[in-house]
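Encoded as structure tokens, the structure appears first; notes follow it.
The values are calculated or read from the model by the stated rules, or taken from the named source; none is laboratory data. The shown structure was predicted, so the numbers you read here are calculated from the model rather than taken from an experiment. Ideal geometry is used to build each Cβ from the backbone, glycine not excepted, and the neighbour counts take in all protein chains shown.
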Amino acid sequence: MSDSPKIALEIIALSPNVAQNHSYALILGEIDGERRLPIMIGAFEAQAIAVALEKITPSRPLTHDLMKNMMSLFEITLKEVIIDNMQDKVFYSKLVCELNGRSLEIDSRTSDAIAMAIRYECPIYTFDRILDQTGFSLDTKEGPEGKRVKKSDSTDGVSTTGSSSDSNSKYTLAQLQERLAQYLEDEEYEKAAQIRDEISRREGKK
């Protein structure tokens, strides 16, 4: 582990990568600064992160939910996630866990580490050398899709699935609730998130 001060990160955006099919751009932002860390992840990993961000309860536990359940059973707590290395355009991360007062470090893919961090609501860190090597600043560079990434780009600072489909606007609130339940049962979580966004939008106007 590096002796350098840790830099706290937050999730800024998660959106499809237009340059590459079936991949997503996960943008992490420096909490106390302007630097951004773009990480390319696969569709499965993006779904695992989006489900947790949207606080959607799957009909059956996903892999990361299963991991959390097993860790809880054995009284292992995830304290923090650290993105501590980058080689050949691949990020390396560690899960810093606690068991009976003892600190344990577990190697992890960065996408898996972040998916777990969201579920535990624990901090995500990296180091200056990682941000200097692969990050960019809002003042100097555009994001992966040629668009500057800002918190104001979405209502809560995180864009997970894009805006709700216009087709959802034709349904009543009761019908949307039924469709949401069906999508969750069918494990179509991206569509479920869009329905959930539409429901939240309507309820917010009341």
Exercise. Is it true that residue 43 is surrounded by 12 or more Cβ atoms within 10 Å (Cβ to Cβ), touching a strand residue (DSSP E or B) at 6+ places or on another chain (Cβ under 9 Å), of a type in the set (Gly, Ala, Ser) and not assigned by TED's automatic domain parsing to the domain that holds residue 194?
Worked result: yes
For this session: Go through the range 30-53 residue by residue and tally those that are outside any helix (DSSP H, G or I), touching a Leu at 6+ places or on another chain (Cβ under 9 Å) and not charged (D, E, K, R).
Result: 7
For this session: Restrict the check to the range 23-46 and report whether at least one residue is among the basic types (Lys, Arg), touching a Lys or Arg at 6+ places or on another chain (Cβ under 9 Å) and within 17 Å of residue 123 (Cα to Cα).
Result: yes
Exercise. Limited to the range 54-85, what total is found for residues that are in a helix (DSSP H, G or I) and closer than 17 Å to residue 110 by Cβ?
Worked result: 3
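Here is a yes/no grid of residues against (1) without any contact (Cβ under 8 Å) to a residue 24 or more places away in the chain; (2) closer than 19 Å to residue 115 by Cβ:
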{"position": "17", "(1), (2)": "no, yes"}
{"position": "22", "(1), (2)": "yes, yes"}
{"position": "28", "(1), (2)": "no, yes"}
{"position": "36", "(1), (2)": "no, no"}
{"position": "84", "(1), (2)": "no, yes"}
Exercise. Pick from the range 57-78 the residues that are in contact (Cβ under 8 Å) with a residue 24 or more places away in the chain and crowded, with 16+ Cβ neighbours inside 10 Å: which of them is farthest from the chain's Cα centre (by Cα)?
Worked result: 76
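Would you check if there is a residue in the range 58-67 being under 15 Å from residue 134 (Cβ atoms) and modelled with pLDDT of 95 or more?
no
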